[in-house]
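In what follows, a single structure is set out as structure tokens and then discussed.
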Amino acid sequence: MKDKQRRSPGKAPPKSGPSRKSAPPAGPARSDAAVVPPFKAQAKPATQEPHGQRSSSRPQPASPRPSPSEPRQEAPAPVTMRPRTGDKPAERVPVILETAGEADYRLIDSGDALKLEQYGPYTIVRPEAQALWPKSQAPLWERADAIFTGDTDEDGMGRWRFPREMLGETWPMRLLDAEFYGRFTSFRHVGVFPEQLAHWRWMKTQVEEAGRPLKVLNLFGYTGVASLIAAKAGAEVTHVDASKKAIGWGRENQALGRGESLPIRWICDDAMKFIQREERRGSRYDIILTDPPKFGRGPNGEVWHLFDHLAGMLDICRELLSDDARGLVLTAYSIRASFYSIHELMREVMRGRGGVVESGELILRETAGSKQDGEAGSGRALSTSLFSRWVPK
């Protein structure tokens, strides 16, 4: 359906491409997979790049605007969650999954509704409404390479200002052995959401220790960083996103790391329609990652509303889990809800399956925090999203 927001409609990111050649999707040809050409790198300044928004808080796929003579596409009726019996899984709450930096990423400082981050060789300033405190490392902000200016709302468009020198539109990055392109988009995003590293490390461990190739479904997969990490670890990956541009960016990311032979199927499709077909086909996956937006549109104008469709989506995902599944992961951005809301939903969906549901928040930890009030030098924690994850034990 959409294709992390960060998880509204608009032009799609070229999660949301960089200059690289694309590889054909791995695996057998399926009717789901749209053939998507790779992005062409442009030599224009990043400030001219019109990117889209993936959801109410993340780059969202562009949706064709109907002409006045065409009927308006209405939201599909919510999929009803089927009755579940049996005991609810055990629970672990609250769980805080923390990212303190990894290779090409770190949160340097935050405050005054801004955050200062390092992405590869660049230090970047972007709005961050949850940074309610004052900055603690003021001199470091003066060395920023890029500053996002414009609407401070997650959905708002803006431009990048380069106080030191003009930078190119894209640059290479590496996280957990996966290479990909960062990009300055007009919706402040750069193609990766580093707080997800906590989930990606868990997934990588599951794949490497399984003793067999696991099948991973990356739903609302954006630019494919998680898909690349899973495939490099040895998984067979199905990557689904509603944005052709995001799919193209993902395939270019695959080519950047010379990973054309990696078993990744890149599928441009509405997420709900895809998983409904997969259920009818009897397909099964060992790990399912879901990162839905608050609101989004599919490639044919399908409408996604998180509060209307989330329960039905998770219900179908349960049916797609293999008998020896390793986990079902849900991340939720920019919603007015407690993590307990999605925690209880996940436990209802997984009734009778055993295992444990662990839920809480994903946070980024500052790496340049000052030692104050008896702290042992650890920086402040910046909350980014809610999550819920079912695991078999």
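Couple of notes before you dig in:
- In the set (1) under 17 Å from the mean Cα position of the chain (by Cα); (2) in a strand (DSSP E or B), the condition left unmet by Arg188 is number (2).
- All positions within the range 234-278 that are under 17 Å from the mean Cα position of the chain (by Cα), of a type in the set (Gly, Ala, Ser) and over 20 Å from Glu319 (Cα atoms): Ala242, Ser243, Ala246, Gly248, Gly250
- In the condition set (1) surrounded by 22 or more Cβ atoms within 10 Å (Cβ to Cβ); (2) at pLDDT 95 or above, Glu278 is compliant with all but (1).
- Residues located in the range 270-296, provided they are outside any strand (DSSP E or B), within 19 Å of Ser227 (Cβ to Cβ) and in contact with a helix residue (DSSP H, G or I) (Cβ under 9 Å, 6 or more places away or on another chain): Ala271, Ile275, Glu278, Ser283, Arg284, Asp286, Asp291, Pro292, Pro293
- The set of residues from the range 90-134 being closer than 16 Å to Gly360 by Cβ and among the polar types (S, T, N, Q) comprises Thr99, Gln130.
- Cβ-Cβ under 8 Å pairs, at least 6 apart or on other chains, the range 341-357 side within 16 Å of Val95 (Cα to Cα), far side charged (D, E, K, R) and in a helix (DSSP H, G or I): Val357/Arg347
- Filter result (of a type in the set (A, V, I, L, M), under 23 Å from Ala325 (Cα atoms) and in a loop (DSSP other than H, G, I, E, B)) within the range 191-213: Ala210
- Residues considered: Arg318, Arg347. Of these, the only one that is in a helix (DSSP H, G or I) and within 14 Å of Leu219 (Cα to Cα) is Arg318.
- Note on the range 350-393: among residues that are acidic (Asp, Glu) and either more than 23 Å from the chain's Cα centre (by Cα) or assigned to a loop (DSSP other than H, G, I, E, B) (or both), the one that is modelled with the lowest pLDDT is Asp373.
- The residues in the range 108-129 that are of a type outside the set (Ser, Thr, Tyr) and either touching a Leu at 6+ places or on another chain (Cβ under 7 Å) or closer than 16 Å to Arg159 by Cα (or both) can be counted, and the count is 11.
- Among the conditions (1) modelled with pLDDT of 95 or more; (2) of a type in the set (Gly, Ala, Ser); (3) at positive phi, Gly250 misses just one, which is (3).
- Qualifying residue in the range 78-100 (condition: under 30 Å from Glu165 (Cα atoms), at pLDDT 95 or above and part of a strand (DSSP E or B)): yes
- Some residue of the range 312-334 being touching a Lys or Arg at 6+ places or on another chain (Cβ under 9 Å) and at pLDDT below 95: yes
- Residue that is farthest from Asp104 (Cα to Cα), among those in the range 194-238 that are in contact with a Ser or Thr (Cβ under 8 Å, 6 or more places away or on another chain) and among the polar types (S, T, N, Q): Asn218
The values are calculated or read from the model by the stated rules, or taken from the named source; none is laboratory data. These numbers come from a predicted model, not from an experiment. Because the Cβ atoms are built from the backbone with ideal geometry, glycine has one as well, and the counts that use them run over all protein chains shown.
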